[in-house]
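Input: a single structure, listed below in structure tokens.
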Amino acid sequence: MTIAKEKQVERNTIIMKCLSMMAAVAVMTVLLIPASNAAVVPPGVKLANVQELVRDNGVEPASLDPHKVEGTPGGHITRDLFEGLVNQDADGNIVPGQAESWLVSDDNKVFTFKIRDSARWSDGSPVTAHDFVYGFQRAVDPSTGSRYSWYIEKTTVINASAIIRGEKPASALGVKALDNRTFQITLEQPVPYFIKMLAQHTTFPTHRATIEKYGDEWTRPGKMVSNGAYRLDEWVVNGKIVLKRNRQYWNDKETIINQVTFLPVASDSAKLHRYKTGELDMTDTVPLEHYKNLMKTIPEQVKTSPELGTYYYSFNTTRPPLNDVRVRKALSYAINRSAITDYILGQGQKPAYAFTPESINGFTPPETSFSKLTQQERNQKAAQLIREAGYGPDKPLEVTIIYNTSEAHKKLAIAIAQMWKPLGVTVKLENKEWKTFLDMKRNNRFEIARGGWMGDYNEASTMLDLHTTGHGQNDARFSNEQYDELMKKSRRAETEKERNALYSRAEQILAEEMPVAPIYQYVNSRLVKPYVGGYPINNVEGTIYTKDLYIKEH
């Protein structure tokens with residue numbers, strides 16, 4: 001039997017199983033069975049004998065616990081180690097992961113997932129619906145200390161908010177195992193993009209017996225049990241993290257790369273050097289000052305595409321002088337975004353005058369009062385606002401910007417400090433190691449902090465939710481009742497047009513209150529060796545699964 005026929009037989013079997021489930025669960029009327037994703041090797045391509053990949057991870061991750069990961073450094077790795085109900089394909093479309101199919105109730109509140117019979121943990125034990133119940137409950141349980149518990153709350157899973165506030169036990173969460181292979185989630189209200197949200201690490205299952213046995217040490221090599229395409233083999237802090245192929249993974253037969261090594265290379269010059277010497281097969285970024293030359297010399301190795309994210313500065317709205325909206329607006333207005341994107345970055349980034357990037361699916365960010373001005377007009381307005389706030393030659397404004405270790409972040413901070421000088425603003429720059437940087441933001445110990453938000457799913461709420469009161473990543477500590485109400489209403493909106501109108505009003509509030517200064521819209525720029533196949537150039541979320549890559553003969 002050909003591979004194509006085998007896949008069709010397998011697909012038909014899945015459909016029959018789901019039809020049987022539909023008969024048992026009368027309220028479920030929508031059957032979804034998207035195509036699966038895996039490494040696809042074009043005809044005629046010869047694979048290398050050694051299938052090992054070395055990736056630049058930027059910095060050392062703060063954690064490899066999927067419920068405690070903050071930022072892309074940990075996200076890159078946990079995406080290989082663990083797998084949720086769904087994944088993304090190379091174009092960012094949702095495809096089955098640990099769930100081979102799912103059913104949706106008529107009111108779009110109840111989602112029932114069929115866990116694959118072949119789903120296994122790396123120790124060989126079966127992945128069950130109970131593991132997903134445990135994972136979801138653990139993510140919202142205050143005792144876990146997840147900085148992403150808000151993510152489950154935003155899905156409106158029943159009782160998530162009350163559990164996070166400590167008003168109900170984690171066991172009250174609206175998730176349950178109907179049997180070992182059937183996992184059900186019930187929402188308080190319909191969320192039209194809910195399935196998209198399930199590809200994110202906070203929704204991944206974790207192995208209860210391992211966590212209960214080892215506690216916080218469960219993420220160490222030799223102890224971790226995971227359910228993704230790879231397992232943790234070695235972790236040398238600030239040195240390397242090595243993952244090896246998980247032979248228990250349900251789709252291991254279509255995985256090609258046997259080992260992936262993540263290196264924490266914070267220095268742009270160091271990562272370029274290690275790439276040129278062959279120590280790295282893929283970088284996390286492209287050094288700004290070398291981009292144009294690399295585009296001339298090795299353009300085929302420079303992979304640049306729009307990315308669903310915004311680079312910004314957070315203003316601590318709880319501390320003087322940033323608790324004054326006039327100061328925040330003055331500082332934001334004085335940032336010459338076009339100069340930054342054209343002359344400092346120069347990789348295709350676009351100026352950001354709204355928090356939501358243009359690459360988002362289904363929403364066009366609105367024009368705001370300050371986006372309509374010329375830079376000269378913004379500068380004039382900034383000077384007026386800073387005077388109104390009581391600052392000037394006799395009373396200079398002094399602020400501190402913190403940023404995590406990166407030559408690019410430093411370069412931008414220096415440039416922005418120069419742009420603020422005409423306002424009489426004196427800037428102190430503080431470079432912080434990643435874990436310290438996160439801790440300072442988490443504990444409200446900063447005035448202005450470098451920020452970058454990459455969408456967790458392709459819908460505008462993934463950006464705008466960030467500024468709701470109490471959000472776990474609301475570093476500015478911004479709180480606005482009208483804004484919160486708009487975002488609540490957006491979840492109840494019945495049409496995309498209605499949602500987008502609410503999103504536009506939310507963007508207008510951000511422009512008026514300026515808790516953050518959006519600076520530019522990200523692009524995804526990496527150096528990728530020509531022998532690395534399967535790179536997902538069209539995924540605007542920058543999602544890369546090592547299992548979908550392969551090494552060509554070279």
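The values are calculated or read from the model by the stated rules, or taken from the named source; none is laboratory data. This is a predicted model, so every value here is computed, not measured. Neighbour counts are summed over all protein chains in view; Cβ atoms, including those assigned to glycine, are modelled from backbone coordinates with ideal geometry. Accessible surface is based on the protein model in full, side chains and every heavy atom, while ligands, DNA and RNA are left aside. Shrake-Rupley method; radii C 1.70, N 1.55, O 1.52, S 1.80 Å.
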Within region 506-538, how many residues are surrounded by fewer than 16 Cβ atoms within 10 Å (Cβ to Cβ) and either in a helix (DSSP H, G or I) or of a type in the set (A, V, I, L, M) (or both)? 2
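Go through region 463-496 and give me each residue that's outside any loop (DSSP other than H, G, I, E, B), open to solvent by 10 Å² or more (accessible area, probe 1.4 Å) and either touching a residue at least 24 places away in the same chain (Cβ under 8 Å) or touching a Pro at 6+ places or on another chain (Cβ under 6 Å) (or both). Show your work before the answer.
Going through region 463-496, the residues outside any loop (DSSP other than H, G, I, E, B) turn out to be 463-467, 481-492, 496.
Imposing the further condition that a residue be open to solvent by 10 Å² or more (accessible area, probe 1.4 Å) reduces the set to 481-482, 484-485, 488-489, 491-492, 496.
Q482, R491, R492, E496 - these are the residues of region 463-496 that are outside any loop (DSSP other than H, G, I, E, B), open to solvent by 10 Å² or more (accessible area, probe 1.4 Å) and either touching a residue at least 24 places away in the same chain (Cβ under 8 Å) or touching a Pro at 6+ places or on another chain (Cβ under 6 Å) (or both).
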Which residues, counting only those in region 392-403, are more than 15 Å from S332 (Cβ to Cβ) and either within 33 Å of the chain's Cα centre (by Cα) or touching a residue at least 12 places away in the same chain (Cβ under 8 Å) (or both)? G392, P393, P396, E398, T400, I402, Y403
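In region 207-231, what residues are among the hydroxyl-bearing types (S, T, Y) and under 11 Å from L81 (Cβ atoms)?
To start, the set of residues in region 207-231 that are among the hydroxyl-bearing types (S, T, Y) comprises 210, 214, 219, 226, 230.
The answer is T219, S226, Y230.
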Scan region 167-217 residue by residue and report those that are within 18 Å of the chain's Cα centre (by Cα) and under 30 Å from T495 (Cβ atoms). Y193, F194, I195, K196, M197, L198, A199, Q200, T202, T203
The residue that is surrounded by the most Cβ atoms within 10 Å (Cβ to Cβ), considering only those in region 305-341 that are out of contact with any Pro (no Cβ under 9 Å at 6 or more places or on another chain) and without any contact (Cβ under 8 Å) to a residue 60 or more places away in the chain, is Y333
Among residues belonging to region 242-276 that are in a loop (DSSP other than H, G, I, E, B) and open to solvent by 50 Å² or more (accessible area, probe 1.4 Å), point out the one that is nearest to V86 (Cα to Cα). Q248
Picked from region 508-545 (must be among the polar types (S, T, N, Q) and in contact with a strand residue (DSSP E or B) (Cβ under 6 Å, 6 or more places away or on another chain)), the residue modelled with the lowest pLDDT is N524
Of the conditions (1) out of contact with any Lys or Arg (no Cβ under 9 Å at 6 or more places or on another chain); (2) assigned to a loop (DSSP other than H, G, I, E, B); (3) open to solvent by less than 20 Å² (accessible area, probe 1.4 Å), I544 fails just one. Which one is it? (1)
